[in-house]
Each structure stands twice: as structure tokens, then as C-alpha cells.
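In what follows, a structure is listed as C-alpha cells, so that the remarks can point back to it.
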Amino acid sequence: MKKTSLQISGMHCASCATIITKALQKTDGVKQASVNYSTASATVEYEEKKVNIEQLIESVKGKGYTAEILKEGTNAAEAQAKLMAKEKEYYKKMFLISLLFSTPIFILMVFEWFNIEILAMMLHHYVVWILSTPVQFYVGWQFYKGSYHALRNKSANMDTLIALGTTAAYVFSVFTVLFFPSLGQYFEISAILITLVVLGKYLEANAKGKTSEAIKKLIGLSPKIALVIRNGKEVKIAIDQVLVGDIVVVKPGEKVPVDGIVIEGNSSIDESMVTGESIPVEKKKGDLVIGATINKHGSFKCKATKIGANSTLARIVKLIEDAQTSRAPIQRFADQISAYFVPIVILISFFTFVAWFVILGSEFSFAMIAAVAVLVIACPCALGLATPTAIMVGTGKGAQQGILIKGGEALETAHKLKYILFDKTGTITKGRPELTDIITFEKNTEQDILKIAASLEKPSEHSLAEAIVKAAEKKKISLSKVTNFKAIPGHGIIASIAAKKYAFGNQKLMNKEGVILTKYLSQIHSLEEEGKTVMLLSSGKTVLAMLAVADTIKGSSKEAVEQLHDLGLEVYMITGDNQRTAQAIAKQAGITHVFAEVLPEDKANYVKKLQAKGKVAMVGDGINDAPALAQADIGIAMGSGTDVAMESGSIVLMRNDLLDVPRAIRLSKFTMNKIKQNMFWALFYNVLGIPIAAGVLFPYTGWLLSPILAGAAMALSSVSVVTNSLLLKGKKL
């Protein structure tokens with residue numbers, strides 16, 4: 001299964017996106033397709049054996065639109081920005097042309113209102129006819145074109161409404177001018193209406209461009225030049241010429257050109273533009289550096305590890321692009337309404353005309369004005385923009401603060417969460433345990449025990465093992481050679497030193513090895529109640545020592561838990577530690593619900609148990625928590641840009657700050673509120689506007705909505721939805 005992105009041209013409204021989506025989904029071999037009107041792009045998942053890119057493009061072209069695959073090395077966001085700029089310029093040009101011809105029409109219309117005679121009636125009609133024709137057929141050609149393609153696809157869209165309404169006014173006016181001049185003409189309706197609609201399109205394109213500002217800023221961060229060592233000399237080369245393995249020199253005040261590992265020197269680096277973390281991070285030999293971050297003070301050399309599309313910045317940009325192209329489940333509601341909306345509006349317009357002209361006996365012109373006003377005011381554009389614009393702004397705002405939300409579905413689900421399940425080590429705690437106690441038995445010295453324990457743990461990758469090895473290194477203890485090493489997940493290790501077999505791990509391991517712990521239990525419990533993890537060292541059936549390791553909680557853990565409680569969520573902690581140690585750490589963090597002594601492979605099952613009661617988010621470091629993160633409704637991966645974190649979480653917290661968990665949930669709530677507000681106003685506007693346009697208030701107030709005012713209101717509704725979405729930028733997370 002392959003995934004690709006297409007840039008789409010020629011879409012005029014959300015209905016166009018629906019037409020293209022259906023066309024792609026009907027193409028044999030396509031598993032899933034999503035077209036986003038706001039970003040003018042499509043994401044398609046397909047089977048290469050059944051369909052190729054050319055066939056996908058042909059499917060789009062068959063519906064009257066154009067599509068192109070992004071070339072290798074081309075950034076989707078840059079291509080989108082160019083397309084939006086082109087769209088903006090097009091509507092600006094069309095508006096100015098339309099304005100040029102419509103302004104004299106409007107002036108003549110005002111003179112007519114005040115009975116100011118400047119032209120003979122017939123001459124006046126012909127002048128207005130001449131002025132309105134370029135607007136109707138040159139500027140308005142886009143609506144005819146859109147209507148034609150919609151008709152070919154057995155559909156109707158916003159273009160259909162505008163084309164029908166303005167053509168009705170124009171044709172009726174031609175008829176009256178030629179045959180019944182006394183009936184008057186309505187050329188100004190078609191001309192000024194098209195001018196207002198095109199102005200709305202221009203303002204909408206301008207506003208839509210602002211919704212993707214966050215991603216544009218990220219792209220702008222990428223440096224263009226790198227200083228590398230080639231043939232023993234420092235040379236400046238273009239960033240796209242840097243190769244993996246190149247030694248890159250970074251001087252104070254410069255941007256780090258690529259992802260790499262520091263091999264010489266040290267410095268502090270401002271990573272705020274990528275992770276959202278405002279405090280500069282100290283870097284020394286062996287540390288990872290991220291491309292596009294700013295080197296503050298020292299100079300250093302780093303070995304390039306990731307370049308181009310594989311760099312952290314490029315992958316972040318890609319994640320945001322995918323998120324902004326994806327569709328939230330709530331979007332389906334808008335799509336379903338839009339699919340039936342336009343045909344229903346056309347019917348309402350027809351019945352409005354029949355009701356006024358045939359049943360109530362009104363003048364033909366009165367009935368036509370009411371029917372045209374219905375067509376014009378009911379444009380479903382605002383409804384189509386309600387969801388994608390809010391998602392674009394929401395995901396962009398999150399990215400600026402180091403919160404990467406992978407898609408509209410994750411953004412929507414996050415606000416429905418009832419339970420948050422935290423991994424302990426490295427998530428609630430710092431993940432850097434330290435050896436705190438060595439209690440020896442059988443006349444062993446601390447030095448001897450530490451040497452045995454560190455030697456046994458040296459091959460292990462567990463964080464507790466690292467604490468013991470570091471303690472031995474600090475005391476400069478030389479380690480022994482280990483044989484027959486065997487790690488038992490969730491228990492500990494068994495290995496031999498100089499043909500002597502040792503077991504080193506928790507009580508489960510001791511029980512498994514048949515070691516009796518009765519006389520040591522009070523000491524073990526005492527240490528565990530202090531929040532320490534106790535590991536026992538035995539040989540045969542004899543306990544040689546117990547070692548205690550403590551991993552302190554992060555400074556933000558308690559506050560994050562409090563904020564989650566305030567948001568109405570139940571917080572759980574899950575760990576492989578025993579019950580006492582787990583409860584001690586949980587108490588420090590303000591967590592009352594604990595799953596302890598859980599094996600790594602069983603974490604996903606505990607997520608399932610909670611899912612039976614409601615939506616669950618799992619928060620972990622993205623490494624050993626990957627199955628649980630995948631099982632949860634929302635997987636929140638901690639980790640500053642690690643590959644596994646980016647792959648396994650629905651939400652990735654770049655700066656490893658637990659406070660970003662409630663921030664992400666608040667962002668979801670804010671975004672969903674905006675979507676609901678947008679949908680409410682779009683629907684409310686139509687529900688209220690259509691009856692008024694149809695003239696239901698006329699018998700009581702004598703007031704009939706002009707098609708020109710209906711057009712202005714329609715244009716304003718689309719702009720207001722985008723503007724409302726942009727207000728998300730000012731929300732404090």
C-alpha cells in the first residue's frame with residue numbers, strides 16, 4: 001500500500017472536493033482518498049499493482065479538474081502556498097475587472113433610486129447591458145465552467161447557484177430591454193452580484209493563506225548553506241549537497257544545517273522553533289542536534305545523520321501537511337449536508353418563483369428577484385470551510401508549541417477522552433534513575449556487590465541497569481566478563497561470572513529461582529515505600545544483597561495531572577514496578593489509580609480494559625510503549641523528535657513536557673468548539689437566510705431581500721468562517 005499527495009487546481013467550493021473524493025475512491029486499487037478544499041490537495045492511499053499515479057491524475061481530470069504529483073524534493077506546503085498565491089492573484093484580477101465595469105452600473109443604479117435623470121431610459125438600459133456583459137461572461141465564466149463540470153458529474157455546487165441566479169437576471173433583462181422596456185431591467189443584479197462573490201473569493205483566498213502560516217514559518221527555518229569539511233578544508237556548500245556522514249562545522253549564532261551527532265566541541269542550542277522549548281539545551285560530544293535550530297554560544301562539529309526529507313524538520317512539516325490534508329469524522333456531516341443542499345435550494349428557488357408569480361399573482365420581476373435571492377444566499381461554501389480551516393489553524397498552533405497532531409481524527413478524538421494512562425519511567429519520572437542504596441549480606445562488601453551487579457547489568461539496555469553501571473563507573477570499578485547472559489522481561493537477568501551463576505532482579509525473579517525472601521521483606525517494603533525500586537542479587541538460593549534505585553518524578557508531572565483532573569479526566573499510571581513503589585511515585589504525582597507489576601507486552605491489554613468504559617489516551621516514550629500507544633484511542637508519544645515517537649503516537653510532544661498533555665487536549669477542545677461554531681453559524685445563516693430571501697417577511701414588513709444583498713451576505717459568511725478559525729491563534733493553551 002502506497003500513499004501519495006496530489007496538488008489539485010480548479011476547485012471552487014467544498015462540493016468540488018466531494019466530487020473529486022468520490023472519483024478517486026471509485027478508482028480501482030484506491031483504498032482511501034481525502035481531498036481538502038482549503039489546502040487544494042488530495043491524499044491518496046492505493047495499491048501500486050492495481051493503479052498508478054497517472055491513472056489517479058486522470059480520475060481527477062475526468063471530473064474537470066487538474067492534478068499534479070509533487071516532484072521529488074518539492075515541498076508540499078511550498079507548492080500549496082504557490083497555488084494559493086496564484087488563486088489569490090486570479091481572484092484579485094477578476095475582482096478589479098468586475099469592479100471596473102460594475103462601478104458605473106452601481107452609480108447609474110443610485111441615480112435611478114433618487115430619480116436623477118442623466119440618460120434617456122432606453123439609452124440607460126443599453127449602457128447597463130453593455131457594461132454588465134463582460135462581467136457576466138468573462139468574470140463569470142468560472143461559474144459556468146464549474147456548473148458544467150458539476151452537471152457532468154450529476155451534481156450541483158455553489159457555481160450552479162451563482163450561474164443560475166445571475167443568468168436568470170441577465171436573460172430576463174435582455175428580454176425586457178428588447179421587447180418590454182417598461183418592465184425594467186436587472187443587469188445590475190447579475191453584475192454587482194458576481195463582483196461581490198469574486199470579492200468574497202479573494203478575501204477567502206487571502207484568509208486561507210493565513211491558516212497555513214505556521215507551516216510556512218517552519219519551512220522558512222531551514223538554512224540554505226552549510227559549512228562542511230571536504231578534503232581537509234572548510235567549504236560552504238548548498239544544503240542539498242550535504243551528504244550523510246559529512247562533518248559539519250557550526251559557529252556561534254548560526255543555524256545547525258542538518259540533523260547530526262556532536263563529535264567535537266560543546267554549546268547551548270535554541271531548539272524552540274522545532275520543539276517549542278524556550279530554554280536553550282546544552283550539547284556536548286555524543287549528543288544529537290536538530291537541523292534548523294540555532295547555535296547560541298560555542299562552536300562545534302557534528303556528523304550529519306539525516307538530510308533532506310529524512311531530517312526532523314522535514315518530517316515535522318510532513319506530519320503537519322498530512323494532518324491538514326486529513327479529514328476529521330465531523331467533516332462527513334458537512335459533506336452529507338452539502339451533497340443534498342444545492343439540489344434542495346434549487347427546488348426551493350423554483351417553488352418560490354411559482355408561489356409568488358403563479359399562486360399569489362405577483363409581478364414576474366418580483367417573483368424572479370425572490371427566486372434569485374434564494375439561489376444566491378444559500379451557497380454552502382461556509383459549511384465546507386468550517387472543519388478544514390479550523391483543523392489547519394489548530395494543527396499549526398500546536399506545531400508552534402511542539403505539539404504535533406497527526407490528523408483531524410486525532411484532533412477530534414482528543415476532546416472526547418475520559419481516561420489518560422501514563423507510563424511511569426521516562427514519562428511521569430525523569431527516566432534517569434540513580435543508585436541510592438546498597439544493602440549487603442553474607443559478609444559481602446559494597447564494592448564487591450557493585451562490581452558484580454554492574455558487570456551483570458552491563459549488557460542490559462534497561463534504565464535501571466544504566467543507573468548501576470554509572471555508579472560503578474563513578475567509583476572507577478573495573479567490570480568482570482559475563483557469560484550466559486539472559487534477560488527476562490519484567491523480572492531481571494540471569495548470567496554467570498567466572499562460572500558462578502547469579503540472578504539479579506525483582507521478587508518475581510527470586511521466587512522463580514526458588515529464593516526465600518521472608519526475612520528480607522520488611523527492608524524491601526521500607527525502601528519501596530520511599531518510592532525506590534528494589535533489585536535483589538542472589539547466587540543459588542542465597543541473597544547476597546539488595547540494591548535500591550530511585551527515579552524522581554519530573555517537575556511538571558504533578559501540575560500536569562492536576563490540570564487533567566480539572567479537564568474532567570481520570571488519570572492512571574502503569575508500570576512494571578511493584579505495587580508499593582508504584583503507589584509511592586503515583587502519590588507524588590497526585591495519581592490515585594495505578595496498574596503495577598505490568599509486563600511490557602501486557603500494557604495494551606490494560607488499555608483495552610479502560611476502553612470498555614470510554615475513550616483512552618496512552619502517554620509513553622514511544623519505545624517499549626509502542627503497542628499500548630497503538631491500541632489507545634489516542635497515543636501520545638513523549639520524545640524530542642525520536643523516530644519511534646513520531647511513528648507510534650497520534651500526538652507527539654516534541655519537548656518531553658508533561659504539561660503539553662493537557663495543552664494538547666485543550667487545543668483539541670478549542671478546535672472542536674471552533675468547528676461547531678462554524679457549522680452552527682453556516683447552518684443558522686442558511687436556515688434564517690433562505691426564508692427571508694424567499695420573501696416570507698414581505699407580507700408583514702414589505703421588505704424583500706435584494707439578490708445583491710444576498711450575494712454580499714453569502715460572501716461574508718465564508719470569510720467569517722475562516723476568520724473565526726483564525727481566532728484560534730490567539731487562544732492560550
Legend entry - Point-charge dipole on Cβ atoms (K/R +1, D/E -1) for the chain, about Cα centre, debye to 20: 1260
Legend entry - Solvent-accessible ranking of Lys49, Lys501, Lys233, largest area first, probe 1.4 Å: Lys49, Lys233, Lys501
Legend entry - Answer label for P(r) over Cα pairs in 20 Å bins from 0, in percent (calculated), chosen among (i) 15, 41, 29, 13, 2, 0; (ii) 15, 36, 28, 14, 5, 1, 0; (iii) 16, 50, 30, 4, 0: (ii)
Inset, instruction - Return one whole number: the accessible area per residue of region 528-637 in Å², for a 1.4 Å probe. - result: 38
Legend entry - Where Asp566, Asp259 fall by accessible area, highest first, once all protein chains stay in place (1.4 Å): Asp566, Asp259
Legend entry - Rounded accessible area of Thr66 (nearest 10 Å², 1.4 Å probe): 70
Legend entry - Accessible area expressed per residue, region 229-280, with surrounding protein chains retained (probe 1.4 Å, Å²): 51
Inset, instruction - Give me the accessible area per residue for region 122-201, probe 1.4 Å, as a whole number in Å². - result: 39
Inset, instruction - For Trp681, tell me the accessible area in Å² from a 1.4 Å probe, rounded to the nearest 10. - result: 150
Legend entry - Neighbourhood charge, 11 Å Cβ-Cβ cut-off, centred on Ile225 and excluding it, Lys, Arg +1 and Asp, Glu -1: +1
Legend entry - Dipole magnitude (debye, nearest 20) for region 142-275, charges at Cβ of Lys, Arg, Asp, Glu: 380
Inset, instruction - Can you find, among Thr39, Ala498, Gly639, the residue farthest towards the positive end of the dipole of the chain? Put +1 on the C-beta of Lys and Arg, -1 on that of Asp and Glu. - result: Ala498
Inset, instruction - Divide by every residue of the chain the summed helix terms, -39500 (n - 2.57) for each DSSP H run of at least 4, and state the resulting mean residue ellipticity at 222 nm, rounded to the nearest 500 deg cm²/dmol. - result: -16000 deg cm²/dmol
Legend entry - Listed peptides 16-27, 99-110, 517-528 by packing density, highest first (mean Cβ within 10 Å): 16-27, 99-110, 517-528
Inset, instruction - For the chain, build the charge dipole from Cβ charges (+1 Lys, Arg; -1 Asp, Glu) around the Cα centre, then report which of Ser147, Ser5, Phe595 sits farthest towards its positive end. - result: Phe595
Inset, instruction - For helix 329-354, report the angle its Cα long axis makes with the longest principal axis of the Cα atoms of the chain; keep it between 0 and 90° and round to the nearest 10°. - result: 10
Inset, instruction - Specify the inter-centroid distance of region 14-72 and region 247-302, based on alpha-carbon positions, in whole Å. - result: 41
Inset, instruction - Run the accessible area of region 7-49 with a 1.4 Å probe and give the carbon-and-sulfur part as a rounded percent. - result: 43
Legend entry - Carbon/sulfur fraction of accessible area - region 354-475, other protein chains in place, 1.4 Å, %: 49
Inset, instruction - Round to the nearest 10 and give me the degree value, 0 to 90, for the angle of helix 364-377's Cα axis relative to the longest principal axis of the chain. - result: 10
Legend entry - Neighbourhood charge, 12 Å Cβ-Cβ cut-off, centred on His525 and excluding it, Lys, Arg +1 and Asp, Glu -1: -1
Inset, instruction - With a 1.4 Å probe and every protein chain kept in, tell me what percent of the accessible surface of region 246-289 is carbon plus sulfur. - result: 55
Legend entry - Positive-end extreme of charge dipole, region 222-284 - chosen from Leu243, Pro257, Ile229 (charges on Cβ): Ile229
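The values are calculated or read from the model by the stated rules, or taken from the named source; none is laboratory data. Given the structure is predicted, the values throughout are model-derived calculations rather than measurements. Positions of Cβ are generated from backbone atoms using ideal geometry, with glycine treated the same way; all protein chains shown enter the neighbour counts. Note: accessible area is taken over every heavy atom of the protein model, side chains too, but ligands, DNA and RNA are not part of it. Shrake-Rupley method; radii C 1.70, N 1.55, O 1.52, S 1.80 Å.
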